[in-house]
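The next block holds one structure in the form of structure tokens; read it before the comments.
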Ligand SMILES: [Zn+2]
Ligand SMILES: [Zn+2]
């Protein structure tokens, strides 16, 4: 199968539209025709080199599409099904998979299809189990989750990363109980989903923190009860003052050591800081040791601790019932050829989330 794709050749270089070639699916694999791919900040970390990757490579990890062909033994999806593709392939039988943590699958590397996708005749690695900035993707069958009627592919695509990551951080990783107080640092695509996850969980206070006014306005629409403009105020002092001592949970959704440290500082005794953002490789987080005597804790959250075959269907059901906002996250649509422009707009902070739509 030949497909148009946006190829990254090196750090800080514009992506180039090229033709790639994909093999037919083997046992346990599925060929998906891409319907929509989200323009997620995480890809930018690789484009800008704060996370390493081999090149050339096709990025993109937030997508949904239509099954074209399935390999031997695939029973969970069939040609014609619309699917979300999870960006972590899981084997289903390692210790992490069988204890409910498929997002930490120990065999995810081995499940890759390094030799199955080619550019100009040369094999290229796949990104995040899919390489979604392409018209077609060769993916693991167990990463595919059927999309129900009434859910458009562009909304389903966002379930594949930002919605799962944000709502999952609240529901799965932190298990925020009804009535808890929550702060969210960073109100981009993931931050807004943490906010609406906290609303779904029944948090009593949801304090949104950002330095961009339009993002704070969006935060209110997604369920924030209070906002703090950190460009003019110290968010730690404000949160402690507003809550009389700190929040139960503070979520970091930017990906900076400094904001992770602020999250630890704004939780109360016994509270939890939850780091969701991608802190650049090699950056260290520094914490005051006495905080541990107060039973304060800090944990990481990856992919909303997703069990995709369980979690993604309920997220899509809540969307269908209009209890979860996804359409409101999408502020712009692009064609694949406009991908460099799409990332420039993201860098300028002009969009919550934009989506590349395919014909
Ligand atoms: Zn993402
Ligand atoms: Zn596994």
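All of the numbers you see were taken from the coordinates with simple rules; none came from a lab. What you see is a predicted model, and the numbers here were worked out from it, not measured in a lab. Reconstructed Cβ throughout: ideal geometry from the backbone, glycine too, with neighbour counts over all protein chains shown.
What is the range 26-65 by shape, rounded, prolate or oblate, if you read a ≥ b ≥ c off the alpha carbon gyration tensor as root eigenvalues and call it rounded for a/c under 1.5, prolate for a/b larger than b/c, and oblate otherwise? Display every interim value, and only then the final one.
Numbers: a/c = 3.17, a/b = 1.60, b/c = 1.98.
Because a/c hits 1.5 or more and a/b fails to exceed b/c, the range 26-65 counts as oblate.
Suppose a student asked you for the relative contact order of the chain, using Cα pairs under 8 Å spaced at least 6 residues apart; what percent would you report?
Here the relative contact order equals 17 percent.
Any idea how far apart residue 12 and residue 122 come out in nm if each label point goes 7 Å out from Cα toward Cβ?
Going by the 7 Å Cα→Cβ label model, 2.3 nm.
Taking the Cα centroid of the range 323-337 and of the range 31-67, what is the distance between the two, rounded to the nearest whole Å?
Computed from Cα coordinates, the inter-centre distance equals 16 Å.
Taking the Kirkwood radius as the inverse of the mean 1/r across Cα pairs, report the Rg/Rh of the range 81-213.
Numbers: Rg = 17.6 Å, Rh = 16.8 Å.
Rounded to two decimals, Rg over Rh is 1.04.
What nm value, rounded to one decimal, do you get for the distance between residue 24 and residue 220 when each label is placed 7 Å out toward the C-beta?
5.8
Test of understanding: what is the full-extension gain from residue 332 to residue 320, defined as 0.36 nm times their sequence separation minus their Cα-Cα distance?
2.2 nm
Using Cα pairs closer than 8 Å and at least 6 residues apart in sequence, work out the relative contact order for the range 12-155, in percent. List each step's numbers first, then the result.
On the way: 318 pairs, mean separation 48.2, N = 144.
So the answer I get is 33 percent.
P(r) for the range 143-187: what percent of alpha-carbon pairs falls in each 10 Å bin, starting at zero?
21, 44, 26, 9
Which value, to two decimals, describes the C-alpha radius of gyration of the range 225-325 once divided by 2.2 N^0.38 Å? List each step's numbers first, then the result.
On the way: Rg = 15.9 Å, N = 101, 2.2 N^0.38 = 12.7 Å.
In units of the 2.2 N^0.38 Å rule of thumb, it is 1.25.
Strictly greater than 25 Å: what percent of every Cα pair in the range 166-301 meets that?
On the way: 1247 of 9180 pairs.
That tail contains 14 percent of the Cα-Cα pairs.
For residue 348 and residue 295 in the same chain, what is the full-extension length gain: residue separation times 0.36 nm, less their Cα-Cα distance, in nm?
15.2 nm
Would you calculate the separation in nanometres between label points at residue 55 and residue 4, each defined as 7 Å from the Cα along the Cα-to-beta-carbon direction?
2.3
What percent do you get for the relative contact order of the range 213-358 when only Cα pairs under 8 Å and 6+ apart count? Working shown, then result.
Values: 176 pairs, mean separation 21.6, N = 146.
The normalised contact order for the range 213-358 reaches 15 percent.
Would you kindly work out the equivalent ellipsoid of the chain from its C-alpha gyration tensor and give its semi-axes, the square roots of five times the eigenvalues, largest first in whole Å?
Details: eigenvalues 236, 87, 75 Å².
Values for the chain, descending: 34, 21, 19 Å.
When DSSP assigns beta bridges and you keep just the ones with both residues in the chain, what percent turn out antiparallel, to the nearest 5? List each step's numbers first, then the result.
Numbers: 37 of 64 bridges.
Percentage antiparallel, nearest 5: 60.
Hey, how many Å between the Cα centroid of the range 190-217 and the Cα centroid of the range 264-318?
15
Got a sec? Which residues in the range 235-266 would a label at residue 286 touch, if it sits 7 Å along Cα→Cβ and we count backbone N under 20 Å?
Those under the cut-off are 235-237, 255-266.
Two decimals, Cα atoms only, Kirkwood Rh: what is Rg/Rh over the range 317-359? Mind dumping the intermediate values first?
Values: Rg = 12.3 Å, Rh = 11.4 Å.
Reported Rg/Rh, Kirkwood definition of Rh: 1.08.
Over the Cα atoms of the range 1-156, Rg to Rh with Kirkwood Rh, two decimal places? Let's see the in-between values first.
Values: Rg = 14.9 Å, Rh = 15.7 Å.
Using Cα coordinates only, the ratio equals 0.95.
Where in the range 263-287 does the label zone of residue 237 land, with the point 7 angstrom along Cα→C-beta and an amide N cut-off under 20 Å?
Output list for this probe position: 263-268.
Which three lengths, in whole Å and largest first, does the range 1-67 cover when its Cα atoms are put on their principal axes?
Cα spread of the range 1-67 along its principal axes, largest to smallest: 34, 21, 20 Å.
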